[in-house]
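Engineer: This is the structure I have questions about; it appears just below.
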Amino acid sequence: NISRFDDLKKVYIKSNQQEKIYKVENVRYHKNMVLLKLEGVENPEQAELLKNCFLEIDREDAVPLEKGQYFIADLIGLKVYTEEGTMLGVVDDIYNTGANDIYVIKQDSGKQILLPAIKSVIHKVDIENKKMTVSLMEGLEK
């Protein structure tokens, strides 16, 4: 829901070199895109410097999630176990494919396992204990 930007007062723009906080002066929508006017960004050249940076917000400004939904930041770093208790690795990255997310599980050896974020594979997510329990589909065995 892109209208979630209506209530934002500030955002963080993060690049490899720095992180800077910006006050949101105005929000507009154009062709299913969000156009933010940030304080101190007065021309296209200044805006161009923010291209390919990450936009982050404070947790208290986040939209509440429905049951079974999680913030990517909370999933990264979770230890992933099979239902039998075998540790597969750690959630290292998440890709959105449109149909469903793909969780990248990195093993100690450096090998990766790609798991679709579907109910038949992801059985339990325990953010508090930093643990995810999964069932490997045929062809996904480690």
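Engineer: Label I118 and E39 with points 7 Å out from Cα along Cα→Cβ: what is the distance between them in nm?
Structural biologist: The two pseudo-label positions are separated by 4.8 nm.
Engineer: Using only the Cα atoms of the range 9-142, what do you get for the radius of gyration and for Dmax, in Å?
Structural biologist: Calculated on Cα positions, Rg and Dmax stand at 18.7, 57 Å.
Engineer: If you average the alpha carbon positions of the range 54-93 and of the range 114-134, how far apart do those two centres end up, in angstrom?
Structural biologist: So the two Cα centres are separated by 9 Å.
Engineer: Please work out the average accessible area per residue across the chain, using the 1.4 Å probe convention, and give it in Å². Intermediate results must be reported in sequence, preceding the final value.
Structural biologist: On the way: 10350 Å² over 142 residues.
Using a 1.4 Å probe on heavy atoms only, each residue of the chain averages 73 Å².
Engineer: Return a whole-number percent for the relative contact order of the chain, with Cα pairs under 8 Å and 6 or more residues apart as the contact set.
Structural biologist: Details: 209 pairs, mean separation 20.9, N = 142.
Across the chain, relative contact order equals 15 percent.
Engineer: Of all the accessible heavy-atom surface of the chain, with the other protein chains kept in place and a 1.4 Å probe, what percent is carbon and sulfur? Display every interim value, and only then the final one.
Structural biologist: Values: 4970 of 10350 Å².
Percent of accessible area from carbon and sulfur atoms in the chain: 48.
Engineer: Students often check this: by mean Cβ neighbours within 10 Å, which of 14-22, 111-119, 61-69 ranks highest, and how do the rest follow? Don't skip to the end; give the middle numbers.
Structural biologist: On the way: 14-22: 11.1, 111-119: 14.3, 61-69: 8.3.
Order by mean packing, descending: 111-119, 14-22, 61-69.
Engineer: Here's another thing I want to ask about it. Using unit Cβ charges (K, R positive; D, E negative) and no other charged atoms, how large, in debye to the nearest 20, is the dipole of the chain about its Cα centre? Please report the intermediate quantities before stating the final value.
Structural biologist: On the way: 20 positive and 24 negative charges, 19 e Å.
Magnitude of the dipole: close to 100 debye.
The values are calculated or read from the model by the stated rules, or taken from the named source; none is laboratory data. It should be emphasised that the depicted structure is a prediction, and the values quoted were computed from it without experimental measurement. Quick reminder, even Gly has a Cβ in these numbers, built from the backbone with ideal geometry, and neighbours come from all protein chains shown. Please note that ligands, DNA and RNA were not included when accessible areas were found on the heavy atoms of the full protein model with its side chains. Shrake-Rupley method; radii C 1.70, N 1.55, O 1.52, S 1.80 Å.
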